[in-house]
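Written out below as structure tokens is the structure these notes cover.
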Amino acid sequence: MTSQRVFIAGAGIVSPIGCGIAATAAALAGGIGALRPLTLFATPTPPLPVGQVGCGLDDPDLPRTHQLARIAADQAMAGCAAAPDVIVVGTTTAGMHTTERLLNAGTLDPQAYRRHAAGSVAEDLAARYGCSGPVLTVSTACSSGAVAIKIALEMLRTGAARRALVGGADSLCRLTYYGFNCLQLIDPQGARPLDRERRGMSVAEGAGMLLLTADGEPDRALAEVLGAGLSCDAYHPAAPHPEGDGAYAAMAAALADSGVSARAIDYINLHGTGTPDNDRAEARAVARLFDARTPVSSIKGATGHSLAAAGAIEAVVAAICIREGLVPANTGLRLPDPEISLAPVTEPRRTRVNTVLSNSFGFGGNNAAVVIGSPVERELPASAPVAPLRVLAGACVTGAGHTEKTLARLHAGEPCKGVIPLEELSRHQPARLVRRLKFMPRLAMALADEAQRRSGASHPPAAVFFGTGWGALSETHGFLNSLFETGDRFPSPTDFVGSVHNAPAGQVAIQCGATGANVTLTGEDDAFEQALLTAAYLGRGAGGRLLVLGADEHHPVLSGLFDRSAALDSAPAAGGAALLLSATAADPGVAVFPAFTAPAAGRTDAIAELVGRLGGAERIHARFGVLLAGIPAAHRRAGEAQLDAFRSACGLTLPVVDYRRWVGEFASASAVATFLAVDFAAAGAVPAALCDGRPESFPGKGCLVIGFGKTLTAIEVRP
Amino acid sequence: MEQLIEELKKKIIGILDLANLPSTQLEVDGPLVGGSLGLDSIDVLEMVIMVEKDYGLRVDNRELGEKVFASLRALAAYIFENSPKLKR
């Protein structure tokens, strides 16, 4: 079938310059700037200029990021009675502003932290609008909002979804305010992007949301999403490639994806944070691709940099520019930098704007560019539904150790709970390379390295998809601890850079030289499934090999507060797995397919839908020989009831491996289960010890990996 | 001064996790950044925090940073001459 066109049917925006499309359009047309000294929390030194949202965020029970997301999402969904089929939200801070306060006060009640998770923002919106399809959370630092748009775009193009609510949200918090400051990336005078005297960015908050539809052109489409491109610098955890190679690759990919030539771009909305390095590198990349007269501007001198929200906010701004015929000013620019050979727009300009390119780049070298235009009839390429991915090799880590040790322990019928020691984890990595790294980046790097070595090292991945339930907890705790202990004065820059969810995947990209898409997803117990689903959609265009990872650590303080399943098990557990995959169907190897993901809470029809999606009872019996069931301890009762319902719905007599009892309670345990399923499917047998001592063999059949609990997921693994 | 150099050496090895490296030779006059240990901009920022916290000196721009962190000796000399916290 032909690829579907994707329209912006609704949009919502809340930022320091205004709340809603009309207020934002007026502020942009008037060249209004909104950077002011921070008032959200007290600081030991005079507060720096930030972009703080002024409209009422006064719900005491809901973190600030969630409130911002709701405001923008309500605007985007106004006039749409139907539930979105998919929700994709980019965020980095989520409940952090609340969590900081609780941790500093010594609160030990896990219930108080229930909205800490990055995934809880999208989850809140899913409940609010009754979404019963995939709910994904992108956490690629400052490109999250734009990456979210790319994922939704691919899902809509194939026809797998017809309506997607997509965007980004982040609130100001101590972590980002002090974090960017200790990296010396803040301009004390407020951000002045592209200015000769610029000294850095201004941290901000906000949310942008888009209701995208693939149902034909709606009556009042704001604009059309023409395409988007992703890339990774694979260069440094926090600094951009000096020549802007990654930025160039993302923009070139976005143009190719949208079928639009560089000459057809009427306005480039720059990432333009105002840091000396970003603006110089981005300008070099833009100059390589576009005519020097193409109007460009960064709005971050007006709004500040709202991190994960920025890409979505600026996509909404792009739609406003097209509708209003407006090119916004590069607020804050007084003395153009002679090193930057671009044409920044210094005053808001009224002119016809048909097509806009918007850039968003993040830590970890995670880059995205989005092309938004007036709806235009054109020929579209063919689009096939997502297909299974072929496993070239895999690796896992559990408390038992690396892959071979884990497999040996399970075949002997012994559990693998526990936490691998740091030295053993990094046994193959030079001390110089990992000296500054804590558990999570070391885990991700070890998994990537082992998967590659087990493949015969002939398959370096082009793209990386990483799922983590809780991200780098040691770095997050280290940063906040050093901040609190020194009266908000001396936090660790290393920990700040490492604390973003996508830092481990950024390190993997550097290690492997993977310059394609680099996407980190998060969502408590289904983060790995989200990563696999995203890989299936985005990997088709990647051409090369894909590395899909899931990993989580156990932190002695934070795991018990954030992850209720980890808190319920007396044995700490950590680990993960990596699969090196090919999107080429002709490649040999076990096939993995992300068949299903949907919220399960409060739904009675979810199990029936899952059975239907798997092709019904008959197909399940014919194709699968074992069920690997993931039942997180926090959802044990509900999960077991779901498992029973699933068994009775398909008259299932399959043996069941209750895998968390073997590998332990950590969010990405399903990554390990999927790796094991690949091993079992290739062998056509499961170690007898895992199935109550009964030898189970199923030659020619595969394994089902089903996640029960809050989210229902299914991965098909077939020989 | 020599005592300060030794003190700084210990601190830097600690905060930058250099102890486990096969060659923990932190040279006094060699380049601190780049060099055989491969220290980079994030390591410099860790040292900036240490210098401010322990010696009350702010290094908040790139030009000054390049001068101060040129070598271990340069760092010690800068602290020795400017620190309000140092008992001389």
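The values are calculated or read from the model by the stated rules, or taken from the named source; none is laboratory data. Nothing here was measured: the structure is a model prediction, and the numbers come from that model. With ideal geometry, Cβ positions are generated from the backbone for all residues, glycine too; neighbour counts draw on all protein chains shown.
Do you know which residues across segment A:448-461 are part of a helix (DSSP H, G or I) and polar (S, T, N, Q)? Spell out the reasoning first.
To start, the set of residues in segment A:448-461 that are part of a helix (DSSP H, G or I) comprises A:448-454.
Selection gives A:Q452 alone.
Any residue at all in segment A:95-116 that's within 16 Å of A:G208 (Cα to Cα) and either of a type outside the set (S, T, N, Q) or not assigned by TED's automatic domain parsing to the domain that holds A:C19 (or both)? Walk me through it before giving the result.
Taking segment A:95-116 as the starting set, the residues that turn out to be within 16 Å of A:G208 (Cα to Cα) are none.
No, because not a single residue in segment A:95-116 is within 16 Å of A:G208 (Cα to Cα) and either of a type outside the set (S, T, N, Q) or not assigned by TED's automatic domain parsing to the domain that holds A:C19 (or both).
Residues in segment A:256-274 that are touching a Phe, Trp or Tyr at 6+ places or on another chain (Cβ under 9 Å) and crowded, with 24+ Cβ neighbours inside 10 Å: how many?
As a first pass, look at segment A:256-274 and keep what is touching a Phe, Trp or Tyr at 6+ places or on another chain (Cβ under 9 Å): A:262-263, A:265, A:268, A:271, A:273.
Right, trim to crowded, with 24+ Cβ neighbours inside 10 Å and you get A:265, A:268, A:271, A:273.
Count: 4.
What single numbered condition from (1) within 14 Å of chain A (Cβ to nearest Cβ); (2) at pLDDT 90 or above fails to hold for B:L21?
Condition (2) is where B:L21 drops out.
Going through segment A:638-684 one residue at a time, which ones are in contact with a Ser or Thr (Cβ under 9 Å, 6 or more places away or on another chain) and free of Cβ contacts under 8 Å to residues at least 24 places away in the same chain?
A:R647, A:A683
Quick one: in segment A:463-519, which of the residues that are free of Cβ contacts under 8 Å to residues at least 60 places away in the same chain and surrounded by 24 or more Cβ atoms within 10 Å (Cβ to Cβ) is nearest to A:Q184 (Cα to Cα)?
This residue is A:T494.
Out of everything in segment A:586-606 that is β-branched (V, I, T) and at pLDDT 95 or above, what residue ends up being nearest to A:V672 (Cα to Cα)?
Taking segment A:586-606 and keeping what is β-branched (V, I, T), we get A:590, A:592, A:597, A:604.
This time we only want the ones that are at pLDDT 95 or above, so: A:590, A:592, A:597.
Numbers: A:V590: 16, A:V592: 14, A:T597: 18 Å.
Checking each candidate, the answer is A:V592.
Given (1) crowded, with 24+ Cβ neighbours inside 10 Å; (2) more than 30 Å from A:R114 (Cβ to Cβ), identify the lone condition not met by A:G707.
Exception for A:G707: condition (2).
Restricting segment A:473-515 to residues that are aliphatic (A, V, I, L, M), more than 13 Å from chain B (Cβ to nearest Cβ) and not in a loop (DSSP other than H, G, I, E, B), which is nearest to the chain's Cα centre (by Cα)? So that I can check it myself, show each step before the final result.
If we filter segment A:473-515 for residues that are aliphatic (A, V, I, L, M), which is where we start, we get A:473, A:480, A:483, A:497, A:500, A:503, A:505, A:508-510, A:514.
Pick out the ones that are also more than 13 Å from chain B (Cβ to nearest Cβ) and you get A:473, A:480, A:500, A:505, A:508-509, A:514.
Within this subset, residues satisfying the condition of being not in a loop (DSSP other than H, G, I, E, B) are A:473, A:480, A:505, A:508-509.
Details: A:L473: 17, A:L480: 22, A:A505: 11, A:V508: 16, A:A509: 15 Å.
Of everything passing the filter in segment A:473-515, A:A505 is nearest to the chain's Cα centre (by Cα).
Just to be sure I understand the filter: pairs with C-beta atoms under 7 Å, separated by 6 or more residues or on different chains, first member in segment A:297-312 and assigned by TED's automatic domain parsing to the domain that holds A:V50, second member in a helix (DSSP H, G or I) and of a type in the set (S, T, N, Q). Which pairs pass?
From residues that are assigned by TED's automatic domain parsing to the domain that holds A:V50, the pairs are A:L307/A:T176; A:A308/A:S144; A:G311/A:S143; A:G311/A:S144.
Quick one: how many residues across segment A:622-641 are of a type in the set (A, V, I, L, M), touching an Asp or Glu at 6+ places or on another chain (Cβ under 9 Å) and either not in a helix (DSSP H, G or I) or not assigned by TED's automatic domain parsing to the domain that holds A:C691 (or both)?
Start the filter on segment A:622-641 by keeping residues that are of a type in the set (A, V, I, L, M), which leaves A:622, A:626-629, A:631, A:633-634, A:638, A:641.
Then keep just the ones that are touching an Asp or Glu at 6+ places or on another chain (Cβ under 9 Å); that gives A:626, A:628-629, A:631, A:633-634.
With the extra rule that they be either not in a helix (DSSP H, G or I) or not assigned by TED's automatic domain parsing to the domain that holds A:C691 (or both), the set shrinks to A:626, A:628-629, A:631.
Of the residues in segment A:622-641, 4 are of a type in the set (A, V, I, L, M), touching an Asp or Glu at 6+ places or on another chain (Cβ under 9 Å) and either not in a helix (DSSP H, G or I) or not assigned by TED's automatic domain parsing to the domain that holds A:C691 (or both).
Could you tell me which of the residues A:A408, A:A412, A:A393 is loosely packed, with under 14 Cβ neighbours inside 10 Å and within 16 Å of A:A677 (Cα to Cα)? Let's see the steps before the verdict.
Values: A:A412 fails: within 16 Å of A:A677 (Cα to Cα); A:A393 fails: loosely packed, with under 14 Cβ neighbours inside 10 Å.
Just a single option satisfies the conditions, and that option is A:A408.
Looking for whichever is at pLDDT 95 or above, at positive phi and not in a strand (DSSP E or B) here; the options are A:G418, A:G413. Which one fits? Before you say what the answer is, go through the steps one by one.
Numbers: A:G413 fails: at pLDDT 95 or above.
Every option except A:G418 fails the conditions.
Would you pick out the residues in segment A:329-388 that are closer than 24 Å to A:G539 by Cβ and part of a loop (DSSP other than H, G, I, E, B)?
Those that are closer than 24 Å to A:G539 by Cβ and part of a loop (DSSP other than H, G, I, E, B): A:L380, A:P381, A:S383, A:A384, A:P385, A:V386, A:A387, A:P388.
Kindly indicate whether A:V464 is in a strand (DSSP E or B) and under 30 Å from A:S565 (Cβ atoms). Give the steps one after another, and end with the answer.
Working: in a strand (DSSP E or B): yes; under 30 Å from A:S565 (Cβ atoms): yes.
It is true that A:V464 is in a strand (DSSP E or B) and under 30 Å from A:S565 (Cβ atoms).
Within segment A:13-22, is even one residue surrounded by fewer than 24 Cβ atoms within 10 Å (Cβ to Cβ), part of a loop (DSSP other than H, G, I, E, B) and either at positive phi or not hydrophobic (A, V, I, L, M, F, W, C) (or both)?
We begin by selecting, within segment A:13-22, every residue surrounded by fewer than 24 Cβ atoms within 10 Å (Cβ to Cβ); these are A:18-22.
Add one more test, that the residue is part of a loop (DSSP other than H, G, I, E, B), and what stays is A:20.
Subset that is either at positive phi or not hydrophobic (A, V, I, L, M, F, W, C) (or both): A:20.
Yes: one or more hits.
For segment A:326-345, enumerate the residues that are hydroxyl-bearing (S, T, Y) and either closer than 17 Å to A:R293 by Cβ or surrounded by fewer than 21 Cβ atoms within 10 Å (Cβ to Cβ) (or both). Write out each step before concluding.
Here is the first cut: in segment A:326-345, the residues hydroxyl-bearing (S, T, Y) are A:331, A:341.
Scanning segment A:326-345 gives a single hit, A:S341.
Select from segment A:389-436 the residues that are within 14 Å of chain B (Cβ to nearest Cβ) and aliphatic (A, V, I, L, M) and list them in ascending order.
Correct list: A:L422, A:L425, A:A431, A:L433, A:V434.
Just to verify a result, which residue in segment B:60-74, among those that are surrounded by 15 or more Cβ atoms within 10 Å (Cβ to Cβ) and either free of Cβ contacts under 8 Å to residues at least 24 places away in the same chain or assigned to a helix (DSSP H, G or I) (or both), is nearest to the other protein chains (Cβ to nearest Cβ)? Spell out how you get there, then give the answer.
As a first pass, look at segment B:60-74 and keep what is surrounded by 15 or more Cβ atoms within 10 Å (Cβ to Cβ): B:65, B:68-74.
This time we only want the ones that are either free of Cβ contacts under 8 Å to residues at least 24 places away in the same chain or assigned to a helix (DSSP H, G or I) (or both), so: B:65, B:68, B:72-74.
Values: B:G65: 8, B:V68: 13, B:L72: 18, B:R73: 23, B:A74: 19 Å.
By that ranking, first place goes to B:G65.
Tell me, please, whether a residue that is more than 14 Å from chain A (Cβ to nearest Cβ) and part of a helix (DSSP H, G or I) can be found in segment B:32-49. Please lay out each step first, then the result.
As a first pass, look at segment B:32-49 and keep what is more than 14 Å from chain A (Cβ to nearest Cβ): B:32.
Retained after the next criterion (residues that are part of a helix (DSSP H, G or I)): none.
Taking every residue of segment B:32-49 in turn, none turns out to be more than 14 Å from chain A (Cβ to nearest Cβ) and part of a helix (DSSP H, G or I).
So, in segment A:91-115, how many residues would count as being surrounded by fewer than 22 Cβ atoms within 10 Å (Cβ to Cβ) and not in a helix (DSSP H, G or I)?
Residues in segment A:91-115 being surrounded by fewer than 22 Cβ atoms within 10 Å (Cβ to Cβ) and not in a helix (DSSP H, G or I): 7 in total.
For B:L57, which of the numbered conditions (1) touching a Phe, Trp or Tyr at 6+ places or on another chain (Cβ under 8 Å); (2) within 14 Å of chain A (Cβ to nearest Cβ); (3) in a helix (DSSP H, G or I); (4) surrounded by 16 or more Cβ atoms within 10 Å (Cβ to Cβ) fails to hold?
(3)
Regarding segment B:15-30, can at least one residue be identified that is surrounded by 18 or more Cβ atoms within 10 Å (Cβ to Cβ) and closer than 26 Å to A:T486 by Cα?
Within segment B:15-30, one or more residues are surrounded by 18 or more Cβ atoms within 10 Å (Cβ to Cβ) and closer than 26 Å to A:T486 by Cα.
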